[in-house]
1. Is it fair to say Leu182 is within 15 Å of the chain's Cα centre (by Cα), of a type in the set (A, V, I, L, M) and surrounded by fewer than 17 Cβ atoms within 10 Å (Cβ to Cβ)?
2. Scan segment 227-247 and give yes if some residue there is out of contact with any strand residue (DSSP E or B) (no Cβ under 7 Å at 6 or more places or on another chain), farther than 27 Å from Ser57 by Cα, modelled with pLDDT under 95 and crowded, with 23+ Cβ neighbours inside 10 Å, otherwise no.
3. In segment 264-296, how many are more than 14 Å from Pro321 (Cβ to Cβ), not β-branched (Val, Ile, Thr) and not in a loop (DSSP other than H, G, I, E, B)?
4. With the structure loaded, tell me whether Gly170 is touching an Asp or Glu at 6+ places or on another chain (Cβ under 8 Å), over 23 Å from Leu273 (Cβ atoms) and crowded, with 17+ Cβ neighbours inside 10 Å or whether it fails that test.
5. Filter segment 83-112 for residues that are among the polar types (S, T, N, Q), under 16 Å from Pro178 (Cβ atoms) and in contact (Cβ under 8 Å) with a residue 24 or more places away in the chain and give the result.
6. What is the one condition in (1) over 20 Å from Gly239 (Cα atoms); (2) in contact (Cβ under 8 Å) with a residue 40 or more places away in the chain; (3) of a type outside the set (A, V, I, L, M, F, W, C) that Lys287 does not satisfy?
7. Collect the residues in segment 239-254 that are closer than 14 Å to Tyr312 by Cβ, assigned to a helix (DSSP H, G or I) and hydroxyl-bearing (Ser, Thr, Tyr), keeping them in residue-number order.
8. Which one is surrounded by the most Cβ atoms within 10 Å (Cβ to Cβ) among residues in segment 191-207 that are out of contact with any helix residue (DSSP H, G or I) (no Cβ under 6 Å at 6 or more places or on another chain) and in a loop (DSSP other than H, G, I, E, B)?
Amino acid sequence: MGEFMTNFPSWQHLKGTQPVPNVPMQHERVMSMEIQTVGVVGAGQMGNGIAHVFALSGFDVMLTDISETALQDAVSLISRNLDRQVGRSLITETDKSAALGRIRTTATLTDLGPSDLIIEAATERETVKTAIFEDLLPHIKPETILTTNTSSISITRLASRTDRPEKFMGFHFMNPVPVMQLVELIRGIATDEATAKACHAVVERLGKTASSSEDFPAFIVNRILMPMINEAVYALYEGVGSVASIDTSMKLGANHPMGPLELADFIGLDTCLAIMNVLHDGLADTKYRPCPLLTKYVEAGWLGRKTQRGFYDYRGETPVPTR
């Protein structure tokens, strides 16, 4: 250690040397970059909502999905949701037309290359997300910020599979995106301050509120919400109450706007199970063990509203409890 300090040039030795040029640091370049173009990967329930709010806030959006049908359905849904906002006098017809004009679609992932910010909103499976980022990397700009809408997977681990862990963040919207005001922003271990500030600025421009979470399994909202839903499924599994009685009890007894089993159907039972598995594996605590009944519903393909059956059957005019 002494030899190292002896051989290392002292500050006195450096006096009088040529000044270091005033070149902006990389993080300063990121901060000064105005995010205007946004790429959204995945045109499903979350992706179309994300595209909706970004386009309505003045961003140019490129929405991609492997399915052309999914892209067409997403644009139709965005249009209908904008119509609802017009009907409630939240926006004008001019706002709606301008927002739709800012959305372009493509089935080619690499078309997102020129984007300033990319938000991945694909299936909640780490292998899928990792593959998407690996395919994107050769085509994006050096300053592009990569983010993921994951509801539970490690941001640090996802970031480590890219060439820019310092420009990688969790950008977790709540469902339905146009209605819910919260966005969880999650920094990985390598995320730099400039990237965090840039993402906070984007959330502000969207008119939403950011909450900062540390990179622990399921972050804040789902760390608290999913065990409650899982416990409701256990109450059903153990015969404590029926679907209707459990949901009614929480709506009228705890003043929840939606019962936990109804909410699970809305979120998607496969997503609920995936998050519980992340919590169970990541925290190694038996209190996060997914209820066997939740697993059974997922194995049956009864995933909730998106498959017309879950804890309720949605195939008729009125949802009917399945247990």
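1. yes
2. Within segment 227-247, not a single residue is out of contact with any strand residue (DSSP E or B) (no Cβ under 7 Å at 6 or more places or on another chain), farther than 27 Å from Ser57 by Cα, modelled with pLDDT under 95 and crowded, with 23+ Cβ neighbours inside 10 Å.
3. Kept after step one, since they are more than 14 Å from Pro321 (Cβ to Cβ), are these residues of segment 264-296: 266-292, 294-296.
Those still in the list that are not β-branched (Val, Ile, Thr) too: 266, 268-270, 272-274, 276-277, 279-285, 287-292, 294, 296.
Filter once more, keeping what is not in a loop (DSSP other than H, G, I, E, B): 266, 269-270, 272-274, 276-277, 279-283, 287-288, 292, 294, 296.
Number satisfying all stated conditions: 18.
4. Numbers: touching an Asp or Glu at 6+ places or on another chain (Cβ under 8 Å): yes; over 23 Å from Leu273 (Cβ atoms): no; crowded, with 17+ Cβ neighbours inside 10 Å: yes.
Criteria not met by Gly170.
5. Across segment 83-112, the qualifying residue is only Gln85.
6. Only one criterion in (1) over 20 Å from Gly239 (Cα atoms); (2) in contact (Cβ under 8 Å) with a residue 40 or more places away in the chain; (3) of a type outside the set (A, V, I, L, M, F, W, C) is unmet by Lys287, namely (1).
7. Ser245, Thr248
8. Among residues in segment 191-207 that are out of contact with any helix residue (DSSP H, G or I) (no Cβ under 6 Å at 6 or more places or on another chain) and in a loop (DSSP other than H, G, I, E, B), the one surrounded by the most Cβ atoms within 10 Å (Cβ to Cβ) is Thr191.
The values are calculated or read from the model by the stated rules, or taken from the named source; none is laboratory data. Note that the coordinates shown come from a computational prediction; the quantities given were computed from them, not determined experimentally. Neighbour counts are summed over all protein chains in view; Cβ atoms, including those assigned to glycine, are modelled from backbone coordinates with ideal geometry.
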